[in-house]
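The values are calculated or read from the model by the stated rules, or taken from the named source; none is laboratory data. From a predicted model like this one, the values you see are computed outputs, not experimental measurements. Positions of Cβ are generated from backbone atoms using ideal geometry, with glycine treated the same way; all protein chains shown enter the neighbour counts.
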Amino acid sequence: MKLHISILSLLVFLALATPAHAQWRSSAEPAPLDLATYPHADLRIDSGDKKHQFNVWIADTPERQRQGLMWVRDLPADQGMLFINDSVRLSSFWMKNTYIPLDMIFVDARGKIVAIFANVPPLTLDPVGPDVPVKAILELRGGEAAKRGIKPGDRLRHPVFGSVR
């Protein structure tokens, strides 16, 4: 009986001594990638006569796309992440382990914005996406699209869409 209580005490101690940051992922989940290792690119959105410049991380591998902006606690207004599909397809996203609201901008193969899901709440597991196939998804700080007047029909300028100017 004494040995049983000692083992129980040890288990309680270990549970309390485990740092909170060590509990964020299961053993099946890989450690987060460092965003500094992602490629960067400049991207422009043409919205009427306004031109909006962003510096974006490129989520160009399955690992980078799986992580996206998980664990990010702050996103400057002129930054974002561009997810590039290997082909035009239906796409949806969720906000697992994402701590800030995001605008999700869905873009066709020519760079035209086909849908915007604004201020998607943090930490939700509900999938968000349009019912049309897309080539890419741009994530910006929540509310940024509305603040800048970015809307469906506007164009992204980036080499993935065959446009840079």
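Would a scan of the range 90-106 turn up a residue that is within 12 Å of the chain's Cα centre (by Cα), over 25 Å from ASP34 (Cβ atoms) and either in a strand (DSSP E or B) or without any contact (Cβ under 8 Å) to a residue 60 or more places away in the chain (or both)?
Of all residues in the range 90-106, those within 12 Å of the chain's Cα centre (by Cα) come to 92-105.
Add one more test, that the residue is over 25 Å from ASP34 (Cβ atoms), and what stays is 92.
Narrowing the set further to residues that are either in a strand (DSSP E or B) or without any contact (Cβ under 8 Å) to a residue 60 or more places away in the chain (or both) leaves 92.
Taking every residue of the range 90-106 in turn, at least one turns out to be within 12 Å of the chain's Cα centre (by Cα), over 25 Å from ASP34 (Cβ atoms) and either in a strand (DSSP E or B) or without any contact (Cβ under 8 Å) to a residue 60 or more places away in the chain (or both).
Whether any residue in the range 142-163 is of a type in the set (D, E, K, R) and buried (at least 19 other Cβ atoms within 10 Å of the Cβ) is what I want to check.
Taking the range 142-163 and keeping what is of a type in the set (D, E, K, R), we get 144, 147-148, 151, 154-155, 157.
Adding the requirement that they be buried (at least 19 other Cβ atoms within 10 Å of the Cβ) leaves 144, 154.
Yes, the range 142-163 has at least one match.
Could you figure out which of (1) modelled with pLDDT of 95 or more; (2) loosely packed, with under 14 Cβ neighbours inside 10 Å; (3) of a type outside the set (Val, Ile, Thr); (4) farther than 19 Å from HIS158 by Cα isn't true of LEU102?
Every condition holds for LEU102 apart from (2).
Could you check the range 116-158 and list, in sequence order, the residues that are of a type in the set (D, E, K, R), in a strand (DSSP E or B) and farther than 19 Å from ASP49 by Cβ? Please lay out each step first, then the result.
Taking the range 116-158 as the starting set, the residues that turn out to be of a type in the set (D, E, K, R) are 126, 131, 135, 139, 141, 144, 147-148, 151, 154-155, 157.
Now drop any that are not in a strand (DSSP E or B), which leaves 135, 139, 141, 155, 157.
Hits for the range 116-158 are LYS135, GLU139, ARG141.
Kindly list the number of the only condition in (1) part of a strand (DSSP E or B); (2) under 15 Å from GLU144 (Cβ atoms) that fails for SER87.
So SER87 meets the others, but not (2).
I'm checking my understanding of the structure. Among residues of the range 71-126 that are touching a Pro at 6+ places or on another chain (Cβ under 9 Å) and among the aromatic types (Phe, Trp, Tyr), which one is nearest to ALA31 (Cα to Cα)?
The residue in question is TRP71.
How many residues does the range 62-84 contain that are more than 11 Å from the chain's Cα centre (by Cα), part of a strand (DSSP E or B) and among the hydrophobic types (A, V, I, L, M, F, W, C)? Give the derivation first.
As a first pass, look at the range 62-84 and keep what is more than 11 Å from the chain's Cα centre (by Cα): 62-63, 73-74, 76-79, 84.
Filter once more, keeping what is part of a strand (DSSP E or B): 79, 84.
Now drop any that are not among the hydrophobic types (A, V, I, L, M, F, W, C), which leaves 84.
Final tally of qualifying residues: 1.
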